[in-house]
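Worksheet: the structure to be examined is printed underneath.
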Amino acid sequence: MTTLTADVSIEPYTLLRTALNLFKKLPAELEPGQLRQAQRQARNEYDIETRVLHAPEAAGVIVSEQELARAFNEIRHRFDADDAFLTSLAANGLSEAGLKAALARQCKVDAILERVAARSPRVNEVEVGIFYHLHPEKFRKPEQRSARHILISINPDYPENTRERALARIEDLAAQLQRKPHKFADLALRHSECPTALNGGNLGTVAGGTLYPALDQALFALKENEISAVVETEIGFHLIQCLKIIRAETISLKKATPKIKHLIQERYRRNCQRTWLASLPAVES
């Protein structure tokens, strides 16, 4: 753990936010090299935010009390008690008032950037059509199967899981399922050694290539409600049941249009913001 020394040139909330974004850690938990990286980025981000706040576009942008309260409560509600919240703030060089001031600044920066992004051009139908035809792979949905399975693992350290005993156990379950296939979920719950047992062996909906190759091949050869023969993989023996076949399809242009519009529009918005940010002059200290 790093000893966090005071650095008046770095705003505590910006450093905290940067450390979490970069490393998913608090500043005090960073290694020295990570801390230096977080400090550099925090200074850069704070400088950019300062330039944003001094831009002409900042004029008239006001953060409402309701917006600030939402941002504050979003952080506050991550803690069970006020004491834990205030202790965490203090450990990161912040007070309640300091956090609110930092959040007000961040909210205002976000509002200004949103105002700039609103200048971006609107996406038209021609652009949507071009994108759709240039990226056909994005709009093909492969065949999928919803399935459940039972696993009996192989582990020679345990008498019940030697290869011979595991095979005998899975074959016994297969015989039971031949007589009563509707008992699959119940048998999975009682006998499967996979975490999915708690949900009746349910694997959810999977596309080809998701499972172990032998298991994948077995599943995609089944009809709906059919149960496979015993399948062996490197972890043990399986039985798998195909619950539903979801056929492959190509999403139509009409159906894909909202998603494409959103994708292109977001790209335009980011480009507009980047170009604007690059044009901002430095702020004299």
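The values are calculated or read from the model by the stated rules, or taken from the named source; none is laboratory data. Just so you know, these numbers come straight off a predicted model, no measurement behind them. Virtual Cβ from ideal backbone geometry, glycine too; neighbours counted across all protein chains shown. Each accessible area value is taken on the protein alone, full model and side chains, heavy atoms only, with ligands, DNA and RNA left out. Shrake-Rupley method; radii C 1.70, N 1.55, O 1.52, S 1.80 Å.
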message = To the nearest 20 Debye, how big is the dipole of the chain about its Cα centre, given +1 on the beta carbon of each Lys and Arg and -1 on that of each Asp and Glu?
response = 1120
inquiry  = Below 24 Å, Cα to Cα, which lysines can LYS180 reach? Residues fewer than 8 away in the same chain don't count.
reply    = LYS223, LYS244
note = Among (i) -0.68, -0.88, -0.97; (ii) -0.30, -0.48, -1.03; (iii) -0.48, -0.71, -1.14, the value of log10 I(q)/I(0) by the Debye sum over Cα atoms at q = 0.08, 0.10, 0.14 Å⁻¹ computed for this structure carries the label (i)
task = Between ALA69 and ARG270, take the C-beta separation as r, use R0 = 25 Å, and let me know the FRET efficiency to the nearest 0.05.
result = 0.30
query = What is the spin-label model distance, in nm, from ALA90 to ALA59 if the labels are put 7 Å beyond Cα along the C-beta direction?
reply = 4.5
ask   = Simple spin-label model, 7 Å along Cα-to-Cβ: GLU284 to ILE245 in nm?
value = 7.6
request  = Run the accessible area of the chain with a 1.4 Å probe and give the carbon-and-sulfur part as a rounded percent.
outcome  = 54
ask   = ALA118 label point, 7 Å along Cα→Cβ, cut-off 13 Å on backbone N: hits in the range 259-285?
value = none
inquiry  = Just to confirm, what accessible area per residue do you get for the chain at 1.4 Å probe, in whole Å²?
reply    = 61
Pairwise label distance in nanometres, LEU22 with LEU277, each label 7 Å out on the Cα-Cβ vector = 1.6
query = Using all Cα-Cα distances in the range 132-285, what percent lands in each 10 angstrom bin from 0 up to the longest?
reply = 10, 29, 20, 13, 12, 9, 5, 2, 0
query = With r defined as the distance between the Cβ atoms of ALA168 and TYR212 and R0 fixed at 22 Å, what FRET efficiency is calculated, to the nearest 0.05?
reply = 0.55
message = Could you identify which residue out of GLY129, GLY204, GLY98 has the top mean-square fluctuation in a GNM of the chain using Cα springs shorter than 10 Å?
response = GLY204
remark   = Taking every C-alpha to C-alpha distance in the range 75-137 and binning by 5 Å from 0, the per-bin percentages run 4, 14, 13, 12, 9, 9, 8, 7, 8, 9, 8, 0
request  = Please give every one of the lysines within straight-line cross-link reach of LYS100, meaning a C-alpha to C-alpha distance under 19 Å, and leave out same-chain neighbours fewer than 8 residues apart.
outcome  = LYS108
ask   = Given SER95, GLN34, TYR46, which one lies farthest toward the positive end of the charge dipole of the chain, if we put +1 on the Cβ of every Lys and Arg and -1 on the Cβ of every Asp and Glu?
value = TYR46
query = What does the accessible area of PHE237 come to, in Å² to the nearest 10, when a probe of 1.4 Å is used?
reply = 10
remark   = The FRET efficiency for LYS254 and ASP80, from their Cβ-Cβ distance with R0 = 51 Å and rounded to 0.05, is 0.60
query = If you stretched the chain out fully between ALA221 and ARG140, how much longer would it get, using 0.36 nm times the residue separation minus the C-alpha to C-alpha distance?
reply = 27.1 nm
ask   = Which angle from 0 to 90°, rounded to the nearest 10, does the C-alpha axis of helix 32-53 make with the longest principal axis of the chain?
value = 60
key: Dipole magnitude (debye, nearest 20) for the range 98-208, charges at Cβ of Lys, Arg, Asp, Glu   = 500
